[in-house]
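Everything below concerns the one structure shown next.
Laboratory data are not the source of any read-out in this text; all were calculated from the coordinates shown. Just so it is clear, the structure is predicted and the values come from calculations on it, not from any experiment. FYI the Cβ positions are ideal-geometry reconstructions off the backbone, even for glycines, and counts take in every protein chain you see.
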Amino acid sequence: MNKMADTLLYKVHVENKGWGAWVQEGRLAGTVGEGLRIEAIRIQGVDRYRVYVENIGWMDWVKEDEIAGTVGQGLRIEAIEIECENLNYQVHVQNVGWLDFARNGEMAGTTGGGLRIEAIRLLKSAEPISVDDHRSTFEIAPAPILVPTPTPAATVQGQKSGKIYLAVGHGISSDGSWDCGCVDGQYTEADLMLAIGKVAATKLRNMGFTVLTDADTDNDKNIAVCVNEANSWGADVYVSLHCDYNKAPSGTLPIVYPGSGDGIRIANCLIASAQVRLGLGTRGVIQRDDWEVADTGMTACIFETGGIRPDIGLLTNASAFGEVVVQGIYDWF
């Protein structure tokens with residue numbers, strides 16, 4: 001796969017499952033509620049990292065994209081240290097749940113207790129992040145949920161009102177560096193989503209909605225800032241625009257909080273809008289405890305609009321895809 005310049009990517013090797021897919025900043029890698037150990041990890045976009053492994057202890061430091069841990073030996077990772085400026089990382093530990101975030105080389109996990117790490121997520125921010133352990137018992141859906149093909153209204157009928165937070169994926173990080181997201185040739189996720197977000201924000205406002213979005217300021221906020229703004233503002237719904245990496249298959253893939261009925265409903269509205277207006281299929285809906293849907297205090301959806309390579313002909317049509325986003329959100333209200 002292409003490396004995403006200046007972007008966090010990570011994947012883990014899980015007991016009985018093997019290597020999972022690459023995930024992006026703020027997203028969960030591993031499992032929760034299945035009792036499965038992480039045995040190895042690879043991380044892109046950091047300086048170096050090391051892990052504490054069952055029967056071995058602390059292993060040597062490895063550089064980005066190298067394997068830390070073991071494969072094929074059935075040994076659990078119990079702790080991890082990651083060195084990278086402004087990096088927070090959080091682990092889900094057996095019998096404990098989510099620990100608070102560690103930062104910039106601190107240890108995340110435990111040693112000496114024989115407890116496996118089951119999941120991990122990474123997030124960059126200028127300031128340390130502290131969260132309550134209120135998600136430790138949530139179970140993550142093991143696979144996307146396939147949905148029927150609902151048909152939204154073909155045209156908008158009248159004005160509506162509501163507060164929408166529309167987040168544009170990636171862009172300027174809190175440390176001032178540029179996070180372009182996934183890349184394929186001349187195309188970057190941040191640029192594609194910014195163009196779509198600008199169109200969507202304008203059209204939503206014309207329909208009567210109040211919209212707060214970093215599309216107005218050229219994608220200058222990372223996801224931690226967006227989530228905090230949405231919560232402080234009291235948004236009715238939070239939608240974050242993303243696209244998948246260049247080896248992903250075609251189709252939309254919304255991500256919502258596990259068990260959120262309203263989250264699944266807005267995901268279906270967005271899926272249907274893309275199907276009806278662009279003929280774009282879907283890979284289903286994922287229910288997963290990602291940062292943007294877990295820490296928002298309102299209905300939230302990470303809208304993976306498609307694959308940056310197979311769907312580029314649609315993603316570069318910002319006007320048409322902006323309309324997809326607009327009509328999907330409109331149908332949800």
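So, R0 is 41 Å and r is the distance between the beta-carbons of LYS63 and LYS17; what FRET efficiency does that work out to, to 0.05?
0.95
What trypsin sites (Lys or Arg not before Pro) does the range 159-247 have in DSSP loop regions with at most 16 other beta carbons within 10 Å?
LYS160, LYS247
With a cap of 14 neighbouring Cβ atoms within 10 Å, and only residues DSSP puts in a loop, list the GluC sites (Glu not before Pro) found in the range 1-94. Please report the intermediate quantities before stating the final value.
On the way: sites: GLU15, GLU25, GLU34, GLU39, GLU54, GLU64, GLU66, GLU78, GLU81, GLU83, GLU85; in loops: GLU15, GLU25, GLU34, GLU54, GLU64, GLU66, GLU85.
Listed in order of number, the matching sites are GLU66, GLU85.
Summing -39500 (n - 2.57) over the DSSP H runs of n ≥ 4 in the chain and dividing by its residue number, what mean residue ellipticity at 222 nm do you reach, to the nearest 500 deg cm²/dmol?
-6500 deg cm²/dmol
Do any chymotrypsin sites (Phe, Trp or Tyr not before Pro) in the range 27-62 lie in a loop, going by DSSP, with at most 15 other beta-carbon atoms within 10 Å of their beta carbon, and if so which?
Listed in order of number, the matching sites are TRP61.
On full extension of the chain, what length is gained from ASN55 through GLU106, given 0.36 nm per residue of separation minus the C-alpha to C-alpha distance?
16.2 nm
Applying 1/(1 + (r/R0)^6) with R0 = 35 Å to the Cβ-Cβ distance of LYS247 and THR217, what FRET efficiency is obtained, to the nearest 0.05?
0.65
Just report the Cα centroid separation between the range 3-68 and the range 264-279, whole Å.
Computed from Cα coordinates, the inter-centre distance equals 33 Å.
Can you give me the distance in nm between label points at CYS180 and SER232, each placed 7 Å from the Cα along the Cα-to-Cβ direction?
Each label point lies 7 Å from its Cα, and together they span 3.1 nm.
If I stretch the segment between ALA320 and THR210 completely, what's the gain in nm (0.36 nm per residue apart, minus their alpha carbon distance), one decimal? All intermediate terms of the calculation are to be shown ahead of the outcome.
Values: separation 110, 0.36 × 110 = 39.60 nm, distance 2.11 nm.
Here the segment from ALA320 to THR210 would lengthen by 37.5 nm.
Using the Karplus curve 6.51 cos²θ - 1.76 cosθ + 1.60 with θ = phi - 60°, what ³J(HN,Hα) values do you get for each residue of the range 54-61, in whole Hz, with x for Gly and Pro?
Result, rounded to whole Hz: 3, 6, 10, x, 5, 8, 5, 5.
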